[in-house]
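Peer 1: Before I ask anything, let me first share the structure, which is written out below as structure tokens.
The values are calculated or read from the model by the stated rules, or taken from the named source; none is laboratory data. Computed from a prediction, not measured in an experiment: that's the story for all the values here. Note that each Cβ is placed from the backbone with ideal geometry, even for glycine, and that neighbours are counted across all protein chains shown. Note: accessible area is taken over every heavy atom of the protein model, side chains too, but ligands, DNA and RNA are not part of it. Shrake-Rupley method; radii C 1.70, N 1.55, O 1.52, S 1.80 Å.
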Amino acid sequence: MDLDIEFVRAQFPAFEVPSLEGQGFFENAGGSYTSRFVIDRLTRFYRERKVQPYGPYEASRLGGEEMDEARARLAAMLGVEGDELSFGPSTTQNTYVLAQAFRQWMKPGEAIVVTDQDHEANIGPWRRLAEDGIEIREWKIDPETGHLDPAALEHLLDENVRLVCFPHCSNVVGEVNPVTEITAMAHAAGAFVCVDGVSYAPHGFPNVGELGPDIYLFSAYKTYGPHQGIMVIRRELGAQLPNQAHYFNAGTLYKRFTPAGPDHAQVAACAGMVDYVDALAEHHGIGGSVSERASAVHDMMRAHEVRLLQPLLDALRGRNDLRVLGPDRAEMRAPTVAVALREPGIEAARRLAGHGIMAGGGDFYAVRALEAMGVEPRHGVLRLSFVHYTSADEVDRLIGALEREL
């Protein structure tokens with residue numbers, strides 16, 4: 001089924017703002033536009049529910065119910081239990097809290113596997129555990145392609161490995177990693193799995209329950225919502241790790257790894273992300289359970305992105321004055337395309353801005369990945385990233401602007 005792009009764009013107020021009219025947004029990997037469902041819920045909470053939640057009076061009761069609704073509906077969409085999903089101020093902060101729990105749980109000499117394909121937020125906290133005698137093993141990418149070979153992981157796994165951390169896809173390489181296959185390998189070796197889904201989730205919410213990892217992290221501000229970090233921790237692992245919250249919250253799984261008080265309004269507004277998926281499903285005649293609808297919408301989003309991405313990749317691959325990082329087949333990657341140029345990436349982004357193209361340039365905190373592929377991080381790359389609400393016309397305009405400026 002083809003995605004109704006006009007209906008999709010009507011759900012995002014940004015496309016109606018005069019100051020953004022005529023601008024092609026191609027830095028979605030840094031944060032997406034927010035859907036009207038999220039904006040409406042956030043506005044309502046600040047206007048009508050901005051009190052301490054879970055109290056005995058009406059405004060407080062309703063505020064607490066909206067927060068609970070967000071957790072329950074998101075968990076159902078992701079294919080996990082309600083208490084396995086929790087919120088935090090950011091994915092970076094959530095990862096630091098988790099790393100602290102592992103610091104207390106693991107013994108010196110035990111090991112964690114990380115990659116050099118990651119954004120620093122997913123590997124920096126784990127690498128710091130080396131200070132406490134935890135062995136850090138690096139699963140390295142191919143320096144030419146950026147590919148993360150599962151066969152190479154097998155040689156790193158043994159009885160000492162307690163955790164394997166890797167991205168669902170990299171924010172500069174873009175290749176979609178086989179989460180289920182990698183998770184099965186790690187589990188067979190007795191290790192838990194932590195997946196950074198920040199760069200993948202904007203392209204369709206995954207069914208984490210079916211994929212199988214023990215931890216899955218992503219950022220709501222990149223999935224059309226407010227600035228919150230969302231993390232799934234499966235019960236088996238969550239029960240083993242030391243509590244990081246107030247001692248009296250140790251018995252509640254979704255509170256164990258959120259030591260700070262939640263942003264009530266933003267948590268409640270996260271239900272708007274599910275509202276949006278439901279609206280897309282209803283408009284396109286998709287039925288079934290919450291997770292089934294989300295899966296069908298995911299596939300529809302990805303099909304639209306793949307269709308728009310291939311012409312961009314073909315146009316870039318046809319040039320000999322640049323290097324595209326990652327696969328050249330659209331179905332193998334997310335539409336996050338990092339381009340290494342002779343000039344610094346940020347300079348190319350500035351010139352594209354003159355054509356109404358909003359893109360990014362820099363290292364995007366993927367310093368290790370760029371260095372591994374021979375790209376000087378200070379020089380950086382031009383990053384062109386889009387999502388399902390991007391139109392074919394915008395991609396055509398981007399290709400035309402690249403031809404003129406490069």
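Peer 1: Short version: ³J(HN,Hα) in whole Hz for each residue of region 197-202, in order, from phi by Karplus 6.51 cos²θ - 1.76 cosθ + 1.60 (θ = phi - 60°), x for Gly and Pro, what are they?
Peer 2: 3J(HN,Hα) across region 197-202, in whole Hz: x, 4, 8, 9, 3, x.
Peer 1: Take the Cα atoms of region 176-294, find their three principal axes, and give me the spread along each one in whole Å, biggest first.
Peer 2: Result for region 176-294: principal-axis Cα extents of 44, 37, 25 Å.
Peer 1: Let me ask something else. What ratio of Cα Rg to 2.2 N^0.38 Å holds for region 41-274?
Peer 2: In units of the globular-protein estimate, region 41-274 measures up at 1.03.
Peer 1: Under 14 Å from a label point 7 Å along Cα→Cβ of Asn320: give me every residue in region 362-392 with its amide N that close.
Peer 2: none
Peer 1: Could you compute the net charge surrounding Arg293? Neighbours are other residues with a C-beta less than 9 Å from the C-beta of Arg293; K and R count +1, D and E count -1.
Peer 2: So the surrounding residues net to -3.
Peer 1: Apply the Debye scattering formula to region 225-322, with a single equal point scatterer on each alpha-carbon and no solvent, then give log10 I(q)/I(0) at q = 0.11, 0.18, 0.20 Å⁻¹.
Peer 2: -0.61, -0.95, -1.02
Peer 1: Same structure, new question: Counting Lys and Arg as +1 and Asp and Glu as -1, what is the net charge of the other residues whose Cβ lies under 13 Å from the Cβ of Ala151?
Peer 2: -3
Peer 1: Give the Kirkwood hydrodynamic radius (Å, one decimal) of the chain, defined as one over the mean of 1/r across all pairs of different Cα atoms.
Peer 2: One over the average 1/r among Cα pairs gives 21.9 Å for the chain.
Peer 1: Here is a follow-up. Quick query: amide H of Glu110 versus all other amide H atoms, modeled in the peptide plane; which residues come in under 5 Å with a sequence gap of 5 or more or a different chain?
Peer 2: Result for Glu110 returns Glu135.
Peer 1: Right, next: If you take the square roots of the eigenvalues of the alpha-carbon gyration tensor of region 1-138 and sort them as a ≥ b ≥ c, do you get rounded (a/c under 1.5), prolate (a/b over b/c) or oblate?
Peer 2: oblate
Peer 1: Oh, and also: Measure of size requested: the Rg and Dmax of region 133-243, with Cα atoms as the atom set and Å as the unit; please supply both.
Peer 2: Final numbers for Rg and Dmax: 14.3, 42 Å.
Peer 1: Antiparallel DSSP bridges in region 41-274: what percent, to the nearest 5?
Peer 2: Bridges in region 41-274 that DSSP calls antiparallel: roughly 40 percent.
Peer 1: Percent of Cα-Cα pairs per 5 Å bin, from 0 to the last occupied bin, for region 257-406, please list those.
Peer 2: Histogramming region 257-406 at 5 Å steps yields 2, 8, 15, 16, 15, 13, 12, 11, 7, 2, 0 percent.
Peer 1: Here's a follow-up. Accessible area per residue for region 1-134 in Å², computed with a 1.4 Å probe and the full protein assembly in place, what is it?
Peer 2: Value for region 1-134: 45 Å² per residue.
Peer 1: May I ask you to rank Arg234, Arg368 by accessible area, largest first, using a 1.4 Å probe over the protein chains only?
Peer 2: Arg368, Arg234
Peer 1: How large is ³J(HN,Hα) for each residue in region 317-322, as worked out from phi by the Karplus curve 6.51 cos²θ - 1.76 cosθ + 1.60 (θ = phi - 60°), to whole Hz, x for Gly and Pro?
Peer 2: Result, rounded to whole Hz: 5, x, 10, 10, 10, 7.
Peer 1: Quick check for me: using +1 on Lys/Arg Cβ and -1 on Asp/Glu Cβ, what's the dipole size of region 41-274 about its Cα centre, in debye to the nearest 20?
Peer 2: 1120
Peer 1: Hey, can you rank 97-109, 298-310 by average C-beta count inside 10 Å, highest first?
Peer 2: For the peptides 97-109, 298-310, the packing ranking is 298-310, 97-109.
Peer 1: Dividing the convex hull volume of the Cα atoms of region 182-238 by its residue count, what figure in Å³ per residue is obtained?
Peer 2: Convex hull of Cα atoms, per residue: 77 Å³.
Peer 1: Using alpha-carbon positions, what is the distance between the centroids of region 336-406 and region 168-227, in Å?
Peer 2: Computed from Cα coordinates, the inter-centre distance equals 24 Å.
Peer 1: Could I ask something else about it? Could you work out the relative contact order of region 41-274, using alpha carbon pairs under 8 angstrom and six or more residues apart, expressed as a whole percent?
Peer 2: The value is 27 percent.
Peer 1: Let me ask something additional. Sort Met77, Met358 by heavy-atom solvent-accessible area, probe 1.4 angstrom, most to least.
Peer 2: Heavy-atom accessible area, descending, gives Met358, Met77.
Peer 1: Sticking with this one: Which value in Å does the Kirkwood hydrodynamic radius of region 62-144 take, with 1/r averaged over all unlike C-alpha pairs and then inverted?
Peer 2: For region 62-144, the Kirkwood estimate is 15.0 Å.
Peer 1: Percent of accessible area on region 41-274 owned by carbon and sulfur, 1.4 Å probe?
Peer 2: 50
Peer 1: Given axes a ≥ b ≥ c from the Cα gyration tensor, I'd like to know whether region 17-78 is rounded (a/c under 1.5), prolate (a/b larger than b/c) or oblate.
Peer 2: Because a/c hits 1.5 or more and a/b fails to exceed b/c, region 17-78 counts as oblate.
Peer 1: A further question follows. With a point put 7 Å past each Cα toward its Cβ, work out how far Glu181 is from Glu6 in nm, to one decimal.
Peer 2: 4.1
Peer 1: Okay, helix-only estimate at 222 nm for the chain: each DSSP H run of n ≥ 4 adds -39500 (n - 2.57), divide by all residues, round to 500 deg cm²/dmol; what do you get?
Peer 2: -12000 deg cm²/dmol
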